[in-house]
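Got a structure here, written out as structure tokens. Questions coming.
The values are calculated or read from the model by the stated rules, or taken from the named source; none is laboratory data. Computed from a prediction, not measured in an experiment: that's the story for all the values here. Here the Cβ positions follow ideal geometry from the backbone for every residue, glycine too, while neighbour counts run over all protein chains shown.
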Amino acid sequence: MTREILYLKIAKIIEEQIASGTLKTGDKLPSIRTVQKIYNVSINTVKQAFLELESKSLIESRPKSGYYVSKTFNTRLALPSISKLHLSNKEKTPEDLISKVFNTLTNKDFTQFSLGVTDKSMLPIAKLNKGIVKVLRTLEDSGTGYEPAQGNINLRRNVAKWSFTWDGNLTEDDIVTTSGALN
């Protein structure tokens, strides 16, 4: 006799509602407490069910608002096409390969995984600009002043607070940060 795991059962029910169109893209899901009362389970069970649905990109969490049916769940990526293999008798050199890679840098049809840089269209430019303006307004000297030699006090204080997670007992004076080291 197999017993179904509760959080998977709840996740499956909600997943079926999304698949059948009962819950549409952008619809708000019932709150965690409401689902907890409906199924008479713990809040952790409901959270685990929602986490399962989030991992499948079916729902998304919005801060102080709740859970919503995700806009990305219905997005289907096109199947990749099969490329034709072109055999060449010409001997290939490493320089040919390097040249081929660099020639694709400006081609918009290629996703450049080799660069390790996010595509500009993926960046939340508006949020970044808003954050920069907020910081410039709140920092002393609009953020142009120099930090102490040990590094930013707020950063060191937060690192010290989180040091307990690795059994550390640090204070902000025990920590030195740098702005980077390339060479």
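Mind listing just one residue for me: the one in the range 122-151 that is surrounded by 10 or more Cβ atoms within 10 Å (Cβ to Cβ) and basic (Lys, Arg) and, of those, farthest from residue 179 (Cα to Cα)?
Per the criteria, the residue is 130.
On to the next question. With the requirement that a residue be free of Cβ contacts under 8 Å to residues at least 40 places away in the same chain and out of contact with any helix residue (DSSP H, G or I) (no Cβ under 8 Å at 6 or more places or on another chain), what does the range 28-48 give you?
Across the range 28-48, the qualifying residues are 31, 34, 37, 38, 40, 44.
Here is a list: 116, 151. Which entry is in contact (Cβ under 8 Å) with a residue 24 or more places away in the chain and on the phi > 0 side of the Ramachandran plot?
Working: 116 fails: in contact (Cβ under 8 Å) with a residue 24 or more places away in the chain.
Result of the check over 116, 151: 151.
Looking at 105, 97, can you tell me which residue is over 30 Å from residue 61 (Cα atoms) and at pLDDT 80 or above? Give the derivation first.
Numbers: 105 fails: at pLDDT 80 or above.
The unique qualifying residue is 97.
Within the range 145-172, how many residues are modelled with pLDDT under 80, of a type in the set (S, T, N, Q) and outside any helix (DSSP H, G or I)?
1
Show the residue pairs that are 6+ apart or on different chains and have beta-carbon atoms under 7 Å apart, the first residue being within the range 49-68 and more than 18 Å from residue 33 (Cβ to Cβ), the second being assigned to a helix (DSSP H, G or I).
Once the first residue is more than 18 Å from residue 33 (Cβ to Cβ) and sits in the range 49-68, its partners that are assigned to a helix (DSSP H, G or I) give 52/7; 52/8; 52/11; 58/15; 58/18; 60/54.
Residue 8 fails exactly one of the following numbered conditions: (1) surrounded by 15 or more Cβ atoms within 10 Å (Cβ to Cβ); (2) among the aliphatic types (A, V, I, L, M); (3) at pLDDT 90 or above. What is the number of that condition?
(1)
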